[in-house]
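For reference, the structure is listed below as structure tokens.
Coordinate-derived values only; no laboratory data. Please read these numbers as outputs of a predicted model, since none were measured by experiment. Using ideal geometry, Cβ is built from the backbone for each residue, glycine included, and neighbour counts are taken over all protein chains shown.
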């Protein structure tokens, strides 16, 4: 195992980790704030064969980032780290006047989740509200629900399950919070799940977050709920992401 502290200084950046293995080697890479519990910015597996570079996109970062590299054997060499500018697309962020304030609120909530007690939280402008529960329950029966978050289509109030969110990376939490935000503040039809998925991804990808983490959040949400609608949502999400780079200059016009 290799651990390296990188001074990210709360900047938006892409961190490149250069690796080399003389034969296929499965590697786990975890990037986290060593001074804040539950603040994980990336957690992924990758098979390295020869010289390869892993990119960690950080639209938000701590002062110091711990990079932990865990190979399955001793064949891996860590060749170094490199910071570069983060690819972002600001047009998608300017179309809706509520996006900037909500993103700031959601980022702070996601980074500090471990320390937040169950209760109600508001954005600085008091426009957005998140009710944090240990687990979300059905309003009528009190039955515990599998959903990590939901939103009231009447008031825009978001509910979050702390027990679910604590199992996720910060980008995964952001993907889900942006999905809920999109339902009320961006959708033409507030109840449309696919529309909310795609509106959330416009913001998420434009901010520079890694799609692999959004993909993990969708898998987490769909797990144990393999409905026809969720299969359709998954296919639409996949198609949207695959075409985003080519279409991003027209998608938000």
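Could you give the nm distance between label points at residue 222 and residue 63, where each point is 7 Å from its Cα heading toward the beta carbon?
Going from the residue 222 label point to the residue 63 one covers 4.1 nm.
Can you sort 41, 185, 35 from fewest to most other Cβ atoms within 10 Å of each residue's own Cβ?
Starting with the residue having the fewest Cβ neighbours, the order is 35, 185, 41.
Between residue 246 and residue 120, what length comes free when the chain is fully extended (0.36 nm per residue of separation minus the Cα-Cα distance, one decimal in nm)?
41.3 nm
Taking only Cα atoms, what is the 0 to 90° angle, nearest 10, from helix 193-207's long axis to the longest principal axis of the chain?
40 degrees
What would the Debye equation give as log₁₀ I(q)/I(0) for the range 79-166 at q = 0.13, 0.16 Å⁻¹, counting only Cα atoms as equal point scatterers?
Result of the Debye calculation: -0.56, -0.77.
Residue 235 versus residue 26, label points 7 Å from Cα toward the beta carbon: distance in nm?
Reported label-point gap for residue 235 and residue 26 is 3.1 nm.
Once the convex hull of the C-alpha atoms of the range 174-253 is built, how many Å³ does it hold per residue, rounded to a whole number?
89 Å³
Volume per residue, Å³, of the convex hull around the alpha-carbon atoms of the chain?
Given the Cα convex hull of the chain, per-residue volume reads 143 Å³.
Only helical DSSP H runs with n ≥ 4 go in: add -39500 (n - 2.57) per run for the chain, normalise by residue count and round the 222 nm mean residue ellipticity to 500 deg cm²/dmol.
-11000 deg cm²/dmol
Taking the beta-carbon count within 10 Å as an exposure proxy, list 92, 31 from fewest neighbours to most.
With the fewest neighbours first, 92, 31 line up as 92, 31.
Per 0.36 nm of contour for each residue apart, how much would the distance between residue 100 and residue 10 grow if the chain were fully extended, relative to their Cα-Cα spacing?
30.7 nm
Just rank 6, 78, fewest to most, by other beta-carbon atoms within 10 angstrom.
In increasing order of surrounding Cβ atoms, one gets 78, 6.
Any chance you could run the full-extension gain for residue 91 through residue 77? It's 0.36 nm times the residue separation minus the Cα-Cα distance, nm to one decimal.
Value of the extension gain: 1.1 nm.
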